[in-house]
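Following: one structure in structure tokens, then a few remarks.
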Amino acid sequence: MTSHSETNRLTFQETDEAGYPTATYIYSGDVATSVTSSTAGRVDLISSSSTSWSGKLLVSSLSDVFLPSGYPQSVSDDYLPYQIFDSLQAFCSSIAGLLSSRAVLQGVGVGNANASPTSALLLHILQDISGRIATICFAHRIGTALEPECKTYRLAADVFNDIAMILDCLSPGVPAGPPRVIVLSTAGVLRALCGVAGGSSKASLSAHFAKWGNLAELNAKDSSQETVISLFGMLVGSVVISHITSFTTTWLILLLLLALHLSMNYAAVRAVQMTSLNRQRANIVFSALLDSDKSLALALDIDVPPTSPSKNEWTILTPAQVSKYERIFHRDGALQWTQHSDTDMTTHHLGSAQIGVSMSTFLGGSVSRSFKHTLPLQRLVTVFADEMYILFLVPTETAGDVKWDASILLKRGCGVGQQLKGWVHALLAARVLGRMTIGSSVDVVLAVVEGTLALLNTDSRFERYLTRLRGVGWDIDIAALETRSGRRIDI
């Protein structure tokens, strides 16, 4: 607000939540008018938009109804691409759902005078029971992995749903009795899995999109978008099912819709640029970072890639760059070293890693026929005395190729940064061991583990890595490495 005493003028500038000007109000009064006078002044309105009033009103109304307040500043940059593809997949799913629902009604005997309402009700109860049991078991089994691997389970949820639709459409051709009951119950179980995986992973994605603490509003607006798309899909689907009755045409339309549905879902999750470092993204990010650290490569006697930057310039991949490289479905717990070029990425499988393992798993994994002695716990405890984790690796041989399996014990109170350090340490140690030609005795492995740890601690190298990662948008404070319920130890 500005004031000009010589003209007795006040200017009020109105903005939206994002700070964009929406209107300017100018009050003009008479200079000679006293403060106690009741003479009214004049208020002039200056619109900040060059669009017509009707167009502005329509766009503003639609934005207020379907988009979070303050859009686009109130959400992440990948919100709009995801929502576009998500709306398209919901439209395809609505039409396909009507086709499968018609098949289910035919399967339970709608239109058949000999069909029993009681049998149909009992079948529905059986489907509901099997679905509820599957919900409990599935949530127990993969509940911890839903947030770290939300992109994977978001797409997997729709795969489950589409298979359930196919089973529904197959049900009328299945003989009545136990075979049809099994088919429809399996479809109910798959829909239950879709509900668990889809709902939980979508909640994680919403938390990623929300930037202003507007998670509740974002979910509410997302529900509004889905409602409109579903209604539109039902209207179009009503026309489709009324004109398509033949067996062949129904299956052709169904398979086409499901193919579009999965394609749109895949494009949607590919558009998401997660800022948390799960196992796969940690492999991609730190492979590029460790490769570009010339001082580290020289200390380990590793050839520096010809495209590697100078000593003080590390390659720090952003979340947007990593989203182009990561796979939606990938091997859980894999230690993979990725080498990047301008147009491609080469992945080398080094082995696997388990983080947050129990003590029994850690000890069991340390016994190998390749070792002459069991794991020296006293030496390991000494090496990792100042760390919040303990790491060791054992070799496994498959078809003459040696890979390394790492086990990471976490101490009580281990924070997210130390968990990430343990994973990076395992990745680096597996990389060094994979390039060695000498035997894989306990002493050799212990020497590599101790040497790589010393390099990560030299000049606070790992802490500097984390600082640089935060600078390009990575959220280091989100725990995304454990996909199973973990254990902690006290020494």
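The values are calculated or read from the model by the stated rules, or taken from the named source; none is laboratory data. On a predicted model such as this, the values are computed, not experimentally measured, just so you know. With ideal geometry, Cβ positions are generated from the backbone for all residues, glycine too; neighbour counts draw on all protein chains shown. Only protein heavy atoms, including side chains, enter the accessible area calculation; ligands, DNA and RNA are left aside. Shrake-Rupley method; radii C 1.70, N 1.55, O 1.52, S 1.80 Å.
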TODO: Hey, can you grab everything whose amide H is under 5 Å from the amide H of Thr22? Only 5+ residues off in sequence or another chain; H modelled, so Pro and N-termini drop out.
DONE: Glu14, Thr15, Asp16
Open item on the list: Which residue, Leu350, Gln280, Gln378, has the largest displacement toward the positive end of the dipole of the chain when charges sit on each Cβ (Lys, Arg +1; Asp, Glu -1)?
Closed with: Gln378
- [ ] List, in the order given, every pair from Lys151/Lys221; Lys221/Lys324; Lys211/Lys411; Lys202/Lys411 whose Cα-Cα distance in the structure shown is over 23 Å.
- [x] Lys221/Lys324; Lys211/Lys411; Lys202/Lys411
TODO: Pop a pseudo-label 7 angstrom from the Cα along the beta-carbon direction at both Thr318 and Asn457 and give the gap in nm to one decimal.
DONE: 3.6 nm
TODO: Using θ = phi - 60° and the Karplus relation 6.51 cos²θ - 1.76 cosθ + 1.60, list the HN-Hα couplings for segment 76-86 in order, rounded to whole Hz, with x at every Gly or Pro.
DONE: 6, 5, 8, 5, 5, x, 5, 5, 5, 5, 5
- [ ] Show which aspartates and glutamates lie in cross-link reach of Lys294 when reach means a straight Cα distance below 14 angstrom and same-chain residues fewer than eight apart are skipped.
- [x] Asp303, Glu313
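About its Cα centre, what dipole magnitude does segment 333-491 give when the only charges are +1 on Lys and Arg Cβ and -1 on Asp and Glu Cβ, stated in debye to the nearest 20? Walk me through the numbers on the way to the answer.
Values: 16 positive and 15 negative charges, 63 e Å.
Dipole of segment 333-491, to the nearest 20 debye: 300 debye.
Show that you can apply the helix-only estimate: for the chain, add -39,500 (n - 2.57) for every DSSP H stretch of four or more residues, divide by all residues, and state [θ] at 222 nm to the nearest 500. Don't skip to the answer; put the middle values down first.
Values: 15 runs with 262 residues, N = 491.
Value at 222 nm, helices only, nearest 500: -18000 deg cm²/dmol.
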- [ ] Name the residues whose placed amide hydrogens come within less than 5 Å of the amide hydrogen of Leu350, ignoring near sequence neighbours (fewer than 5 apart) on the same chain.
- [x] Leu335, Gln336, Trp337
Task: Listed residue (Ile163, Cys414, Tyr266) projecting farthest to the positive dipole end of the chain, Cβ model - done: Ile163
- [ ] Could you run the Karplus curve 6.51 cos²θ - 1.76 cosθ + 1.60 with θ = phi - 60° over segment 391-406 and give me ³J(HN,Hα) per residue in whole Hz, x for Gly and Pro?
- [x] 10, 8, 10, 10, x, 10, 10, 10, 6, x, 9, 8, 10, 10, 9, 9
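Considering just Cα atoms, how many Å³ per residue does the convex hull of segment 335-491 enclose? Could the numbers behind the result be given before it?
Numbers: hull volume 22.0 nm³, N = 157.
Hull volume over Cα atoms, normalised by residue count, gives 140 Å³.
Just to make sure I understand: if all protein chains stay in place, what is the order of Arg154, Arg141 by accessible area at 1.4 Å, largest first?
Values: Arg154 15, Arg141 130 Å².
Correct descending sequence by accessible area is Arg141, Arg154.
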Task: Nearest-10 value in Å² for the accessible area of Arg464, using the 1.4 Å probe - done: 100 Å²
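Could you work out Rg/(2.2 N^0.38 Å) for segment 397-486, with Rg from alpha carbons only?
Working: Rg = 15.0 Å, N = 90, 2.2 N^0.38 = 12.2 Å.
Expressed relative to 2.2 N^0.38 Å, the Cα Rg reads 1.23.
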- [ ] Give me the accessible area of Glu226, 1.4 Å probe, in Å² rounded to the nearest 10.
- [x] 70 Å²
TODO: Excluding residues on the same chain fewer than 8 positions from Lys403, give the aspartates and glutamates whose Cα lies under 19 Å from its Cα.
DONE: Asp332, Asp443
Open item on the list: I'd like the distance between the alpha-carbon centres of segment 391-409 and segment 410-459, rounded to an integer number of Å.
Closed with: 13 Å
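If you put +1 on each Lys and Arg Cβ and -1 on each Asp and Glu Cβ, how big is the dipole of the chain around its Cα centre, in Debye rounded to 20? Let's see the in-between values first.
Working: 37 positive and 41 negative charges, 244 e Å.
So the magnitude is around 1180 debye.
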Task: Relative contact order %, the chain, counting alpha carbon pairs below 8 Å whose residues are six or more apart - done: 15 percent
Task: Vicinal HN-Hα couplings computed from phi for segment 416-428 (Karplus, 6.51 cos²θ - 1.76 cosθ + 1.60; Hz; Gly/Pro x) - done: 5, x, 6, 4, 5, 5, x, 5, 5, 4, 5, 4, 5
Task: For Kirkwood radius over Cα pairs in Å, calculated from these coordinates, the label among (1) 24.6; (2) 23.7; (3) 27.3 - done: (3)
